[in-house]
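A.B. asks: I'd like to ask some things about the structure below.
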Amino acid sequence: MSNLVVEAELREESGRSAARRLRRTGKIPGIIYGGDKPDLPISMDYFTISKQLNDEQFHTSMLEVKVKGSRGKNTVLLKASQWDPVKDTVTHLDFFRVSASDSVTVEVPIIAINSEKCPGVVAGGLVDIVRHVLEITCRADTIPDSIEIDCSEMNIGDTVHIEDIPLPEGAEVLHDVNFTVLNLAAPTKAEPEPEAVESEAGEEAGEATADEAAAEE
């Protein structure tokens, strides 16, 4: 279980105007919901929560939200985040109450390991991750930080499908099609540089003009 803790305060006002005023003071509004309990509107320090959001584990782990002035324990998952499309800053966070034994569905990142010296990459191929995240279902207290795919034996043209990936015990990916997660693609053919093409075209034009001049003489 994660020991990640979010410090928060109770939020008395709601609505867009109240949220804007809150953000101007360096706070971010949020809400805790679910678990057959009343919704709990909260606010968090902008700089602290922004740093936590940069940690991938924060998005896939059970969190404890400590709310100043509120009794009881808030064990949650980060369910959704809203962002300013222009400033790319977080504007609101939703947390969903969970217990350790709850079955949850979350998105977990895919990481390719041991790819630098695999036969395909040594031969000039490229590791192409088709699915950067997988939506898995598992217990809330067993959510993996990531799912690793070992590329050490891969050759050019090899493909890894969802059914090829060993998932953590108790985890599953619901799927009807054995879709591709990663492949080792052949190197792409280098295109001639634009300057080189223009230079060759200029030389050919120059040769043609010289030939025409010689013919006229």
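The values are calculated or read from the model by the stated rules, or taken from the named source; none is laboratory data. None of the values given here were measured: they were computed from a predicted structure. We place every Cβ from the backbone using ideal geometry, glycine too, and count neighbours over all the protein chains shown.
A.B. asks: Can you name the residue in segment 125-163 that is within 16 Å of E56 (Cα to Cα), of a type outside the set (D, E, K, R) and in a loop (DSSP other than H, G, I, E, B) and is also modelled with the highest pLDDT among such residues?
C.D. replies: H132
A.B. asks: Out of segment 174-185, which residues are closer than 16 Å to V130 by Cα and either in a strand (DSSP E or B) or touching a residue at least 24 places away in the same chain (Cβ under 8 Å) (or both)?
C.D. replies: Across segment 174-185, the qualifying residues are F179, T180, V181, L182, N183, L184, A185.
A.B. asks: Taking segment 171-189, which residues are in contact with a Ser or Thr (Cβ under 6 Å, 6 or more places away or on another chain) and either surrounded by fewer than 16 Cβ atoms within 10 Å (Cβ to Cβ) or on the phi > 0 side of the Ramachandran plot (or both)? Write out each step before concluding.
C.D. replies: Within segment 171-189, the first condition is being in contact with a Ser or Thr (Cβ under 6 Å, 6 or more places away or on another chain), and the residues that meet it are 172, 180, 183.
Passing the criteria: E172, T180.
A.B. asks: Return the residue satisfying two criteria in turn: it lies in segment 143-170 and is among the charged types (D, E, K, R) and over 19 Å from the mean Cα position of the chain (by Cα), and of such residues it is surrounded by the most Cβ atoms within 10 Å (Cβ to Cβ).
C.D. replies: D158
A.B. asks: Would you pick out the residues in segment 107-124 that are part of a helix (DSSP H, G or I), surrounded by 12 or more Cβ atoms within 10 Å (Cβ to Cβ) and among the hydrophobic types (A, V, I, L, M, F, W, C)?
C.D. replies: V121 - this is the single residue of segment 107-124 that is part of a helix (DSSP H, G or I), surrounded by 12 or more Cβ atoms within 10 Å (Cβ to Cβ) and among the hydrophobic types (A, V, I, L, M, F, W, C).
A.B. asks: Sticking with this one: Looking at segment 11-25, is at least one residue assigned to a strand (DSSP E or B), outside the structural domain of V130 (by TED's automatic domain parsing) and at pLDDT below 95?
C.D. replies: no
A.B. asks: Here is a check on your reading of the model: is V104 over 22 Å from E148 (Cα atoms) and either of a type outside the set (V, I, T) or part of a strand (DSSP E or B) (or both)?
C.D. replies: Considered against the rule, which asks whether it is over 22 Å from E148 (Cα atoms) and either of a type outside the set (V, I, T) or part of a strand (DSSP E or B) (or both), V104 comes out as no.
A.B. asks: Taking the options G124, G157, name whichever one is free of Cβ contacts under 8 Å to residues at least 60 places away in the same chain and on the phi > 0 side of the Ramachandran plot.
C.D. replies: Residue meeting the stated conditions: G157.
A.B. asks: Here's another thing I want to ask about it. Quickly run through segment 26-55 and pick out the residues that are in contact with a helix residue (DSSP H, G or I) (Cβ under 9 Å, 6 or more places away or on another chain), in contact (Cβ under 8 Å) with a residue 24 or more places away in the chain and small (G, A, S).
C.D. replies: Within segment 26-55, G30, S43 qualify.
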